[in-house]
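The values are calculated or read from the model by the stated rules, or taken from the named source; none is laboratory data. Since the structure is predicted, the reported quantities are computational estimates derived from the model, not experimental observations. Every residue, glycine as well, gets a Cβ built from its backbone with ideal geometry; the counts of neighbours run over all protein chains shown.
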Amino acid sequence: MINDSFLVTIERILPGGVGLGHLEGKTAFVSLAAAGDRVRIRVDREKGNLLYASIVEIIESSPDRIEPPCPYFGRCGGCDFQQLNYAAQLKAKADIIRDCLHRIAGLDFPDITIVPSPSEWQYRARATWQLDSSEQTFGYYERSSRNVCDVAQCAVLVPSLQSTLEQVRNTAPEDLPGHLKHLDAVVGDNGVSLAPAFDSFHTSELTLRVKHENYTYNAEAFFQVNQQLLDQIVDFALLDVAGDTAVDLYCGVGLFTLPLARRFKSVIGVEANPVATRFARRNLQQAQLSNAQIVTATVTDWVRSNKNRPDTVDFVLLDPPRAGAESAVIKGILDARPSRISYVSCDPATLARDLKKLVAGGFRVESLRGFDMFPQTHHVETIVHLVL
Ligand SMILES: C[S@@+](CC[C@H](N)C(=O)[O-])C[C@H]1O[C@@H](n2cnc3c(N)ncnc32)[C@H](O)[C@@H]1O
């Protein structure tokens, strides 16, 4: 069926952001679709009964569909939801979370709230740009490819990152370091930090105030993409938790460690990136919080060793990368039996996989909320509270 074309109706948006269609007893996953579209598709790849397809013609447009405003849309791998109006993007994200929780974890949540981003555009305060020096292209990877899409204007970047993108693009090729393949950029209250540093572009230390706390970081450490939602994320992740001992797993520069240290007698943050742990310690020190300790280790190593492990834990916050928590980490949490867990996730599928284990181990999902940290893409942040 490869390269053949067929007519399908898109039923809904699935995890991964693709549209679902059915034809001749097969399931089609259609890129850049909208629920309700009637489209002619071309099959790009086939695996058993599954067809991976692209739209070649829109026969009947979904009411959710809008004209994607970005000239790179479809080629650039950055955004895959620009064809949807914003209400449809939020609905698709609720569907994606619901679908993963039902299918992977056997958990049913009919009503899922997605907190919208205050800005649908110009929200992205962190980016990784790719450079192909032989093609002289600078921007983002193309969809499903390692070719670099040359992007002069990115509509989701905050204005200061857009102007940094332009400054880097205006740098003469001979002034770019020969080994440069990609650049990490992040914004703070006092400017932009780039890694690696070169020419007049510095890995500057930035500061940002989030809910009464000051954070210092640079482009070598993780920082959340959408800074407009951080107050709400911290509020919902922590609710009114308080007690003796809290653990902040995958703590980065301490976004949650600082507020936790104000509510718990003792806090341990665990993070693998030594640049991030250096900032986390500094952020605690500047906030005069001496009751929190930061461990530089993978969470798996920390869970497996007995070093710096509290005897009892009241609260665990975990905010792993997209891959979710390693099996040993979930086992460690189950062994520690905290009375409450807050799971902050940027991938509903790995979240569901981990929740299934936590629920089988005796925890109950108390509440759940989605946050639209990444408008114009299918990605969504989810925070889940679990209790024993
Ligand atoms: C999604 S970020 C969360 C960071 C922090 N909680 C925040 O909100 O800024 C995930 C963090 O996990 C770290 N990380 C990734 N794999 C890890 C591992 N196996 N063990 C410990 N930290 C890890 C990354 O360096 C990153 O800082």
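Looking at the stretch 239-256, which of the residues that are among the hydrophobic types (A, V, I, L, M, F, W, C) and surrounded by fewer than 21 Cβ atoms within 10 Å (Cβ to Cβ) is farthest from residue 322 (Cα to Cα)?
Initially, the stretch 239-256 is screened for residues among the hydrophobic types (A, V, I, L, M, F, W, C), giving 239, 241-242, 246-247, 249, 251, 253, 255-256.
Filter once more, keeping what is surrounded by fewer than 21 Cβ atoms within 10 Å (Cβ to Cβ): 239, 241-242.
Working: 239: 23, 241: 25, 242: 28 Å.
Among those residues, the one meeting the criterion is 242.
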Residue 313, sole failed condition from (1) aliphatic (A, V, I, L, M); (2) within 16 Å of residue 260 (Cα to Cα); (3) within 12 Å of the ligand (Cβ to nearest atom); (4) assigned to a loop (DSSP other than H, G, I, E, B): (3)
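Pull up the stretch 8-65, narrow it to residues that are of a type in the set (A, V, I, L, M, F, W, C) and outside any strand (DSSP E or B), then point me to the one that is surrounded by the most Cβ atoms within 10 Å (Cβ to Cβ).
33
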Matching residues in the stretch 218-252 - criterion: being over 24 Å from residue 386 (Cα atoms) and either assigned to a helix (DSSP H, G or I) or in contact with a strand residue (DSSP E or B) (Cβ under 6 Å, 6 or more places away or on another chain) (or both): 218, 219, 220, 223, 225, 227, 228
Hey, residue 199 within 16 Å of the ligand (Cβ to nearest atom), surrounded by fewer than 20 Cβ atoms within 10 Å (Cβ to Cβ) and not assigned by TED's automatic domain parsing to the domain that holds residue 334 or not: no
Residue within the stretch 255-274 that is near the ligand (Cβ under 9 Å from one of its atoms), among the aromatic types (Phe, Trp, Tyr), farther than 24 Å from residue 219 by Cα and modelled with pLDDT of 95 or more present: no
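Results for (1) polar (S, T, N, Q); (2) touching a helix residue (DSSP H, G or I) at 6+ places or on another chain (Cβ under 6 Å), shown as yes or no for each residue.
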| position | (1), (2) |
| --- | --- |
| 112 | no, yes |
| 121 | no, no |
| 124 | no, no |
| 129 | no, no |
| 145 | yes, no |
| 150 | no, no |
| 157 | no, no |
Failed condition for residue 228, given (1) out of contact with any Asp or Glu (no Cβ under 8 Å at 6 or more places or on another chain); (2) crowded, with 22+ Cβ neighbours inside 10 Å: (2)
Residues located in the stretch 205-245, provided they are more than 11 Å from the ligand (Cβ to nearest atom) and of a type in the set (Gly, Ala, Ser): 219, 242, 243
Selection count, the stretch 275-285, where residues are more than 13 Å from the ligand (Cβ to nearest atom) and more than 16 Å from residue 211 (Cα to Cα): 3
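Could you check the stretch 164-177 and list, in sequence order, the residues that are more than 18 Å from residue 72 (Cα to Cα) and either touching a Pro at 6+ places or on another chain (Cβ under 8 Å) or not in a loop (DSSP other than H, G, I, E, B) (or both)? Let's see the steps before the verdict.
The first filter runs over the stretch 164-177 and keeps only residues more than 18 Å from residue 72 (Cα to Cα), leaving 164, 167-168, 170-177.
If the condition is that a residue be more than 18 Å from residue 72 (Cα to Cα) and either touching a Pro at 6+ places or on another chain (Cβ under 8 Å) or not in a loop (DSSP other than H, G, I, E, B) (or both), then 164, 167, 168, 173, 174, 175, 177 are the ones that fit.
Would you confirm whether any residue within the stretch 45-54 is of a type in the set (Gly, Ala, Ser) and within 25 Å of residue 141 (Cα to Cα)? Explain how you work it out, then say what you get.
Within the stretch 45-54, the first condition is being of a type in the set (Gly, Ala, Ser), and the residues that meet it are 48, 53-54.
Still in the running and within 25 Å of residue 141 (Cα to Cα): 53-54.
The answer is yes; a qualifying residue exists.
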Count of the stretch 265-280 residues which are among the hydrophobic types (A, V, I, L, M, F, W, C), crowded, with 22+ Cβ neighbours inside 10 Å and more than 21 Å from residue 204 (Cβ to Cβ): 3
Single match in 364, 340 (criterion: surrounded by 15 or more Cβ atoms within 10 Å (Cβ to Cβ) and away from the ligand (no atom under 16 Å from the Cβ)): 340
Test: residue 35 is more than 19 Å from residue 63 (Cβ to Cβ), modelled with pLDDT of 95 or more and of a type in the set (A, V, I, L, M, F, W, C): no
Top-ranked residue in the stretch 317-337 [being more than 12 Å from the ligand (Cβ to nearest atom) and either hydrophobic (A, V, I, L, M, F, W, C) or part of a loop (DSSP other than H, G, I, E, B) (or both); ranked as surrounded by the fewest Cβ atoms within 10 Å (Cβ to Cβ)]: 337
